[in-house]
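Read through the structure below, which is laid out as structure tokens, and then see the notes.
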Amino acid sequence: MLLIFFCNNAGATFNQTMYVALRGGLNVYENPSDTSNIINHLAYGEAVVIRLMQDSGVYINGFKTRWVTINNGKGANGYIVEAYMLPIPPPSGNSPGFKEYAEQLSEAITPSTIYEEINDLEQNLKDVKTLYKNGMVVTEHNNYEYLSESLIIPGITMQQAFTIAQNLGHINELLPNNGKFPKENIYTNDGNGNYRQVDLLYSNNIYINFKRLVSISFTVDNNQINSTVRLVELNGQVAIIYEYGS
């Protein structure tokens, strides 16, 4: 269920194609309110044109978002919330990884950069960096006991990266299963040494007293195997990072 705090204000004209990124799809409402009549339904991955964006914000499942008016060219005029929309198509299929998703959106620049070495423990290390024509970057690092992958997608926000991560099959189980964007640090322990943890990091601007979210990490530790997904802002771009190992 979408929990919505609603304020109604006039908005600004907007014109951008965006894509539905909620697996169950999105309802289209007659007016900018979840108590309004449902007049249509948009499927996961469906493209729509955002026509008007409300000036006032709403809060939905932890997301700071807005109501927008849309047109999908098939009569689905009406209002939806922006939280579950992306400026790029969402991951297709049931369980795409970072490279599969990148290849869905763009062609790789070949050859990929590959670097291999033997470390002090005589473990094989392998680093592969793949660049894509739309600016995406996938980096893979692995040895016998550790795996790290990162995905950089230009032009997305931290909230949009969270939405994308929810639809990537190899990491979505590490995120909150309620689908809510986290607003606070969380730690839970089952008493058997297994735990789940969410950590938020903010950057403080002392001149304007404003905090910006720059990192979220989701960690699951089961039987001493640690898995972490991080959403990190790097030089104005957001990276999704996955780490797995003992």
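For the reader, a short list of remarks on this structure follows.
- When the residues of region 229-241 are filtered to those that are touching a strand residue (DSSP E or B) at 6+ places or on another chain (Cβ under 6 Å) and modelled with pLDDT under 95, the one that is surrounded by the most Cβ atoms within 10 Å (Cβ to Cβ) is GLU233.
- Under the condition of being crowded, with 17+ Cβ neighbours inside 10 Å and either within 17 Å of the chain's Cα centre (by Cα) or in a loop (DSSP other than H, G, I, E, B) (or both), the residues counted in region 210-228 number 7.
- Applying the set (1) in a loop (DSSP other than H, G, I, E, B); (2) surrounded by 13 or more Cβ atoms within 10 Å (Cβ to Cβ); (3) modelled with pLDDT under 85; (4) out of contact with any Gly (no Cβ under 9 Å at 6 or more places or on another chain) to SER33 leaves exactly one unmet item: (3).
- Here THR163 clears all of (1) within 15 Å of the chain's Cα centre (by Cα); (2) in a loop (DSSP other than H, G, I, E, B); (3) among the polar types (S, T, N, Q) except the condition numbered (2).
Quick grid of which residues meet (1) under 18 Å from ILE88 (Cβ atoms); (2) of a type in the set (A, V, I, L, M, F, W, C); (3) in contact with a helix residue (DSSP H, G or I) (Cβ under 9 Å, 6 or more places away or on another chain):
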position	(1), (2), (3)
ILE156	yes, yes, yes
GLN166	yes, no, yes
ASN172	yes, no, yes
ARG196	no, no, yes
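- Residue match in region 185-198 (condition: of a type in the set (Phe, Trp, Tyr) and not in a strand (DSSP E or B)): no
- Looking across region 191-216, just one residue is closer than 19 Å to GLY62 by Cα, at pLDDT below 85 and among the hydrophobic types (A, V, I, L, M, F, W, C), and that is PHE210.
- Filtering region 36-60 to residues that are at pLDDT below 90 and in a loop (DSSP other than H, G, I, E, B) leaves ASP55, SER56, GLY57.
- Pairs meeting the criteria (first residue in region 94-110 and without any contact (Cβ under 8 Å) to a residue 12 or more places away in the chain and in a helix (DSSP H, G or I), second residue surrounded by fewer than 16 Cβ atoms within 10 Å (Cβ to Cβ) and not acidic (Asp, Glu), beta carbons under 9 Å, at least 6 apart or on different chains) are GLU100/SER92; GLU100/GLY93.
- Here PRO96 meets the list (1) under 30 Å from ILE241 (Cβ atoms); (2) touching a Gly at 6+ places or on another chain (Cβ under 8 Å); (3) modelled with pLDDT of 90 or more almost entirely, failing just condition (3).
The values are calculated or read from the model by the stated rules, or taken from the named source; none is laboratory data. Not measured: the values here are computed from a predicted model. Glycine gets a Cβ as well: all are built from the backbone with ideal geometry, and neighbour counts include every protein chain shown.
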